[in-house]
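> I have a structure I would like to understand better, so I am pasting it below and will then ask my questions one at a time.
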Amino acid sequence: MALLHWEDLLRDYAGQRGLELMKTVVAMLGNQRIPLQKRIWSLHLSVELSTIVGKDDLFRIYDVINSLLDIVDTDVLRLQIFCALAKVVEMIGGKHPIFRKLMLTCKKDAVHQDANVRLRSLHLFKILFRHMEPSDLIGHCLRYLADSSLEVRQRAKELICYEEQLAAFVALDGLGSARIPSSARKLGIVELLRLPLVHSFGEQTETGRAHETLPVPLPLTDPLNAKYYGSDRRRKFTEKYGLDESLFQQRMQHPPPRLLDYIRARLSMSLVGDAESANQKIVQMDVVSILAAIIQKSRKNAEDLIEAMFVELEEAMTQNVTSSTELSTNGQPDQPETNRAVQVIDTISHLVLAYGGLGSTGSLGSGGGSGSGGGELTDGERFVQYVGRIRQILMRCLDRAAAAREELFMALESNMVFFGDQLDVPITSEEQYEQMLQFKQETLDAKLDLQKLGRTDRIADLDGRATDFFEELDEKSDELRKTLVLTIHCVSGLAIQFALSSDVAEDALFDVLDYLASLLQDEHRGVRLSAVEGITAIVQAHSEGGNVPAAVAGGLHSLSSSGAAGRPTGQAANPGGSAGGSAGGSAGTPGSAPSRLESKVHTIAQRLLEQLRDDSELYFRKADVALVLGELVVVGGAHDRDLRVSFLHELVRLWRDPDGDIRAIALKTTRNLGEIGLPEVAESLGVNADLVREIATLLSSEEYQEKDHLQEILALKFRWATGTAAAAAAAPAAPVAPTTTV
């Protein structure tokens, strides 16, 4: 520690002793018996001595750095090693072989399947970026800002904010935030860049900020309590008891900084700099806006990166594998197989969104945008092509999942391992019946051989076949799981392209809504729920700024003001306050007409409502159909009272569904519609209304399990009644006619 403190003194007055000291310190680096912290301090000293005696031992120091990085298990120690590495890079520059090795390490770690490794690679990137080629620097910025991990994206943004040279290189000055619909920002998916479901299903790459936890005990900034001894509060006590002030003069003095603290401050390096030095304009921008700004100035780099990642994923899909060993793992064959594929598709979707989905290329989906003539694709056309390839990957994942599911069921049906006399195994064909008889005969013969002859070969053969079958079953199930996780991420990537795009062609928007609605028929509920979230996000982001249409939003106010909450069910209110809505016609604002989006959503809602009515083949899918209809009916049914009434009728019918989860979803959807302000819900909760009688009937049933949800719906009625009474009390009183007395 003293030598580290006297490093400047050694350079000026004892340079001839530097080589001797260097040999002694370097010998300590590889000694496993020396404590790890002492070896790290020796590493710092050897780097400092290298600036005096030359660079002859740098390769050995570099090998020690690599070995130490492999054995340290805390971010504090790892950061100290990176500090020493930064000093090495400052000495060698960008042409030294060590720098090229560091570049290869940084490139490998930047695409690692583990988010913690990618996060640590940002420290190495901070050390190397000043010496990188422009193309490599842009490529790393794009990868980090488009990373599948929210933590990595945020840290990359902070690095750009605090490094003036990096911010100047990517040339973000003068650029504002991307044109994302304001309603999309309200949905909270701008920061996530994915649907919320992805965080709860199959997410394996996200990491928390465990490295930022405070040490215990907390560091003491005033170990001798000098602040208290110099305070007025202490003086009051000493004056009260007549103590001499000179007794406290020494205690009021702060101790000098410790040598260790001084050395640590001099050698420290942090990924996040001082808040005062941050580029405030970049701080206020979201990550996707920064990414879009970089791509706008370096489109060729972005196109090459997107194309390389598409090829990587498509080739792996063509080979019918999702193994990370087939996905350019860069010598990391032990990676979990799903993580790399998920990381690639998430990064692709983020890059494609920033490339052309933020309204910078004209009317997206119609081929509009800036671009060169001739055979070159315009930006808008290339964006449409990218989105189409994401959709093709999604369709291929769905086909693979269906094939894996079919193989799984066929394997179960063709094997009699699960057969037992006590089980009621359904026989669906004559061939299966023959297989069952053969299996029973083989089992009987094996038992007879064991009992009469003592032979175990047949029993062992049957056990071996069962073991092989279960291993095959596990392999097929695992393959199906990996494919479904990738499928859900593909749905998320496809949905955010349109949910966060402010300038997208309506035809392309309607096409993706139809496609997502078709996914509601998928076998896996995770895929269906991701489709529900995708449809909801797109519709809410593009409908009236994300607000409830006026035809519906004003319904509850008009009901309360006109006393509709106490009106019998047969007397319909007039949503939106129009003078005369017909029984099956428009109930919207006078003179208003549904937009194209509302008409399209209305068409989809009608189609899904028909499926919900004939639910003989839906099974649990009707829960997901009810969920998405709860969102679509607010927008698509703004001008169609019949649609809203019919959907409410189907929801009430699902209150008595045999499946408890479906009943709960139907009740929650009804409550949500009431909280939004759907007028038909308020009407149905009026005096002597059918809905109130249905709630009373179910509440009186001992077998009904969802009574809490019923109580929440019933509470809406009393909440509205309280609000109506409060509004009446706040209204100015009518003038009272004067009376005369006789």
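The values are calculated or read from the model by the stated rules, or taken from the named source; none is laboratory data. These numbers were taken from a predicted model, which means no experiment stands behind them. Note: ideal-geometry Cβ built from the backbone for every residue, glycine included; neighbour counts use all protein chains shown. SASA here: full protein model, heavy atoms, side chains in, ligands and nucleic acids out. Shrake-Rupley method; radii C 1.70, N 1.55, O 1.52, S 1.80 Å.
> Could you tell me which of the residues 128, 145 is farther than 20 Å from residue 287 by Cβ, out of contact with any Asp or Glu (no Cβ under 7 Å at 6 or more places or on another chain) and in contact (Cβ under 8 Å) with a residue 24 or more places away in the chain?
So the residue among 128, 145 that is farther than 20 Å from residue 287 by Cβ, out of contact with any Asp or Glu (no Cβ under 7 Å at 6 or more places or on another chain) and in contact (Cβ under 8 Å) with a residue 24 or more places away in the chain is 128.
> Do we find a residue being crowded, with 18+ Cβ neighbours inside 10 Å and of a type in the set (Gly, Ala, Ser) anywhere in region 49-66?
yes
> Starting from region 488-506, keep only residues that are small (Gly, Ala, Ser), then list their pairs with residues that are assigned to a helix (DSSP H, G or I) and at pLDDT below 90 whose Cβ atoms are within a distance under 7 Å, requiring at least 6 positions of separation or different chains.
Within 7 Å, the pairs are 492/198; 499/184; 499/189; 499/541.
> Let me ask you something else. Being hydroxyl-bearing (Ser, Thr, Tyr) and at pLDDT 70 or above is the filter here, so list the residues in region 376-432 that pass it. Step through it out loud before you land on a result.
Narrowing region 376-432 to residues hydroxyl-bearing (Ser, Thr, Tyr): 378, 386, 414, 428-429.
Listed by number, the residues that qualify are 378, 386, 414.
> Could you go through region 454-468 and let me know if any residue there is outside any helix (DSSP H, G or I), at pLDDT 75 or above and surrounded by fewer than 13 Cβ atoms within 10 Å (Cβ to Cβ).
yes
> Modelled with pLDDT of 50 or more, in contact with a helix residue (DSSP H, G or I) (Cβ under 9 Å, 6 or more places away or on another chain) and assigned to a helix (DSSP H, G or I): which single residue out of 557, 602 fits that description?
Of the residues listed, the single one that is modelled with pLDDT of 50 or more, in contact with a helix residue (DSSP H, G or I) (Cβ under 9 Å, 6 or more places away or on another chain) and assigned to a helix (DSSP H, G or I) is 602.
> Here's something else I'd like to know. Scan the helices (runs of 4 or more DSSP H) fully inside region 38-117 and keep the ones with 2 or more residues being touching a residue at least 40 places away in the same chain (Cβ under 8 Å) and closer than 27 Å to residue 154 by Cα.
75-92, 97-110
> Continuing with this model, one more query. Report yes if some residue within region 74-92 is open to solvent by 20 Å² or more (accessible area, probe 1.4 Å), acidic (Asp, Glu), at pLDDT below 90 and under 30 Å from residue 498 (Cβ atoms); otherwise report no.
Checked region 74-92: no residue is open to solvent by 20 Å² or more (accessible area, probe 1.4 Å), acidic (Asp, Glu), at pLDDT below 90 and under 30 Å from residue 498 (Cβ atoms).
> Could you pull out the residue among 480, 473 that is at pLDDT 75 or above, closer than 30 Å to residue 146 by Cα and in a helix (DSSP H, G or I)?
480
> Yes or no: residue 588 of a type outside the set (D, E, K, R) and either at pLDDT 90 or above or farther than 21 Å from residue 515 by Cβ (or both)?
yes
Matching residues to (1) within 23 Å of residue 348 (Cα to Cα); (2) buried (at least 20 other Cβ atoms within 10 Å of the Cβ):
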site: 105; (1), (2): yes, no
site: 117; (1), (2): yes, no
site: 152; (1), (2): yes, yes
site: 164; (1), (2): no, no
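> Give me the pairs: first residue in region 286-300 and touching a residue at least 40 places away in the same chain (Cβ under 8 Å) and within 16 Å of residue 159 (Cβ to Cβ), second residue among the β-branched types (Val, Ile, Thr) and open to solvent by less than 10 Å² (accessible area, probe 1.4 Å), beta-carbon distance under 6 Å, and six or more apart or on different chains, which are they?
Once the first residue is touching a residue at least 40 places away in the same chain (Cβ under 8 Å) and within 16 Å of residue 159 (Cβ to Cβ) and sits in region 286-300, its partners that are among the β-branched types (Val, Ile, Thr) and open to solvent by less than 10 Å² (accessible area, probe 1.4 Å) give 294/170.
> Residues being surrounded by fewer than 22 Cβ atoms within 10 Å (Cβ to Cβ) and touching an Asp or Glu at 6+ places or on another chain (Cβ under 6 Å): count how many of those fall in region 653-677.
Total meeting the criteria: 3.
> Is it the case that residue 269 is modelled with pLDDT under 85, assigned to a loop (DSSP other than H, G, I, E, B) and open to solvent by less than 90 Å² (accessible area, probe 1.4 Å)?
Numbers: modelled with pLDDT under 85: yes; assigned to a loop (DSSP other than H, G, I, E, B): yes; open to solvent by less than 90 Å² (accessible area, probe 1.4 Å): yes.
Yes: the conditions hold for residue 269.
> What is the residue count in region 378-390 for residues that are buried (at least 18 other Cβ atoms within 10 Å of the Cβ) and in a helix (DSSP H, G or I)?
Result for region 378-390: 9.
> So which pairs qualify, if the first residue must be in region 673-685 and within 13 Å of residue 633 (Cα to Cα) and in a helix (DSSP H, G or I), the second must be of a type in the set (Lys, Arg) and open to solvent by 10 Å² or more (accessible area, probe 1.4 Å), the Cβ gap must be under 8 Å, and the two must be at least 6 apart or on different chains?
680/641
> With respect to the numbered conditions (1) surrounded by fewer than 16 Cβ atoms within 10 Å (Cβ to Cβ); (2) outside any loop (DSSP other than H, G, I, E, B), which one is the sole condition not fulfilled by residue 123?
(1)
> Among what's in region 689-715 and is touching a helix residue (DSSP H, G or I) at 6+ places or on another chain (Cβ under 6 Å) and more than 13 Å from residue 655 (Cα to Cα), pick the residue that is least open to solvent (accessible area, probe 1.4 Å).
Of everything passing the filter in region 689-715, 714 is least open to solvent (accessible area, probe 1.4 Å).
> Okay, next question. Please work out which one of (1) at pLDDT below 50; (2) open to solvent by less than 10 Å² (accessible area, probe 1.4 Å) is the condition residue 363 fails and give its number.
(2)
> Could you list, ordered by first residue, the pairs with Cβ atoms under 7 Å in which the first is in region 651-665 and among the aromatic types (Phe, Trp, Tyr) and the second is open to solvent by less than 20 Å² (accessible area, probe 1.4 Å) and outside any loop (DSSP other than H, G, I, E, B), at least 6 apart or interchain?
655/666; 655/667; 655/698
> A further question on this structure: Which residues, taken from region 478-494, are in contact with a Lys or Arg (Cβ under 7 Å, 6 or more places away or on another chain) and under 15 Å from residue 525 (Cα atoms)? Break it down stepwise before answering.
Applying the first criterion (in contact with a Lys or Arg (Cβ under 7 Å, 6 or more places away or on another chain)) to region 478-494 yields 480, 483, 492, 494.
480, 483, 492, listed by residue number.
> I would also like to ask the following. Say whether the condition of being modelled with pLDDT of 80 or more, of a type outside the set (D, E, K, R), under 22 Å from residue 139 (Cα atoms) and open to solvent by less than 40 Å² (accessible area, probe 1.4 Å) is met by at least one residue in region 275-284.
no
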